[in-house]
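The values are calculated or read from the model by the stated rules, or taken from the named source; none is laboratory data. All figures in this text were calculated on a predicted structure; none of them were measured in a lab. We place every Cβ from the backbone using ideal geometry, glycine too, and count neighbours over all the protein chains shown. Ligands, DNA and RNA are excluded from the accessible area calculation, which covers all protein heavy atoms including side chains. Shrake-Rupley method; radii C 1.70, N 1.55, O 1.52, S 1.80 Å.
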Amino acid sequence: MVADVARRFGAPREIDPLLALQEEVSRTAGLIDLIEGEVNATVGPDGRPMLVETINGREGTRTTPSPLLDLHHRERRHFVAAARAALDGGVVTERDRWIADYQHRVLGLIAGIIRGLGLDPDAPEVVAVVSRCLGEFAATTSGRSELLAVPADDGDGVSW
């Protein structure tokens, strides 16, 4: 019975409450996109979405409001509630703090490597190479480029 419940509903896992809120917002947004794709799969002559259904082996076009539309409206309300809870819970503030900390640590690591090689992190040629490499990396991180989007001088004496 425990294995069956875990298979259907998932086993408990440790998760930070702020991350759980962000995850719920993201999951709900994905579900809304999925529902909208289904609703818009068929458009009638009047431009209104209709759904093609198979009932008893026969395909037909739904002309009454779809249960998916009701689900869509419920999920949109849930999405707003989850987003509001995430904002109220400080998800954005925590994410921004985490990004700033990550940036500081990555830039400190890079500056340490540069100094370890006997170079000046503020030398124009070093700044140019590091900036180019970080830009190329950020372009390949698929939506995570904010992790490396740092100001020219963050106050630690190293300008990138």
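What the table below lists for this structure:
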| quantity | calculated |
| --- | --- |
| D154 farther than 30 Å from L34 by Cβ, open to solvent by 50 Å² or more (accessible area, probe 1.4 Å) and at pLDDT below 85 | yes |
| Residue check for A111: out of contact with any strand residue (DSSP E or B) (no Cβ under 9 Å at 6 or more places or on another chain), assigned to a helix (DSSP H, G or I) and open to solvent by less than 40 Å² (accessible area, probe 1.4 Å) | yes |
| Filter pass, L87 being touching a residue at least 24 places away in the same chain (Cβ under 8 Å), closer than 30 Å to E23 by Cα and in a helix (DSSP H, G or I) | no |
| Qualifying residue in segment 85-97 (condition: closer than 18 Å to V39 by Cα, of a type in the set (K, R) and open to solvent by 80 Å² or more (accessible area, probe 1.4 Å)) | no |
| Criterion: of a type in the set (D, E, K, R) and modelled with pLDDT under 75 - qualifying residue of E38, E14, E23, E59 | E59 |
| Residues located in segment 20-38, provided they are closer than 14 Å to V92 by Cβ and either surrounded by 15 or more Cβ atoms within 10 Å (Cβ to Cβ) or acidic (D, E) (or both) | L21, Q22, V25 |
| Residues within segment 70-82 that are over 15 Å from P17 (Cβ atoms) and surrounded by 14 or more Cβ atoms within 10 Å (Cβ to Cβ), tallied | 6 |
| Pair list, Cβ under 6 Å, 6 or more apart: segment 7-19 residue closer than 12 Å to G90 by Cα, other residue open to solvent by 100 Å² or more (accessible area, probe 1.4 Å) | none |
